[in-house]
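Here, each number is a calculation from the coordinates, and none is a lab measurement. Because the structure is a prediction, the values reported are computed rather than measured. All Cβ positions, glycine included, derive from the backbone under ideal geometry; neighbour counts span all protein chains shown.
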Amino acid sequence: MKLFTYMSVLLIWLLRGVLRVDPYTDVPTYYVSKVYPKTNSVYFLSKRRAQGLERMNELCKTIGAYLVELDSRDEQKFVSAFLRAHSKSFAIIGANDVRREGIFVHYNSKKPIPALRWYRTQPDNWRNEEDCVRMWPYGLNDVTCRLRGAYMCELRLKGYHGK
């Protein structure tokens, strides 16, 4: 009887968020955006940090998504507002110029990224080792692909016809 009561209390604590699962596990947790109507996408901002585009993309795939692919300045504004709303200073997105310096493409689709808003003097390929892209609330910056940080995933909703 005592064991049953003890387990019930633990379960209630877990459900109420009083007791937390070990914060050092690799289980991703996210903030979730509203639907961006132009692409029918939902965005997931990681609450935990990861390292490397490949690892971040694997974590996105666990929820059926992929690293963000910004297709327009309007989408960049929407995602930037979402980033600001959750007080994250930055998030890694799915763009890089690994294959050809200065030609940024999306990690998954390999399509070139459109003209987006970068910070002044960016991209600069500092020390000749910045091939990935970090999104700040007010612009993009090229960074090393070894950077450990928050990342953002995108999930396109099929069949969604929102308002």
Next item on the list: Rank these for me by crowding, 124, 97, going from fewest to most other beta carbons within 10 Å.
Entry: 124, 97
Check: What is the gain in length, in nm to one decimal, between residue 109 and residue 47 on full extension, counting 0.36 nm per residue of separation less the C-alpha to C-alpha distance?
Finding: 19.8 nm
Item checked: Loop trypsin sites (Lys or Arg not before Pro), the stretch 101-135 (other Cβ atoms within 10 Å of the site Cβ: 12 or fewer; DSSP) -> 110, 120
Notebook entry, point to check: If you take the Cα atoms of the stretch 28-156, find Rg, then find the Kirkwood Rh from the mean of 1/r over all pairs, what is Rg/Rh?
Noted result: 0.92
Check: Expressed in nm to one decimal, what extension gain is obtained for the pair residue 84 and residue 118 from 0.36 nm per residue of sequence separation less their Cα-Cα distance?
Finding: 10.6 nm
Next item on the list: Could you work out how far apart the two model spin labels at residue 38 and residue 156 are, taking each label as a point 7 Å from the Cα in the direction of the beta carbon, and quote it in nm?
Entry: 1.5
Margin query: Can you sort 103, 93, 63 from fewest to most other Cβ atoms within 10 Å of each residue's own Cβ?
Written below: 103, 63, 93
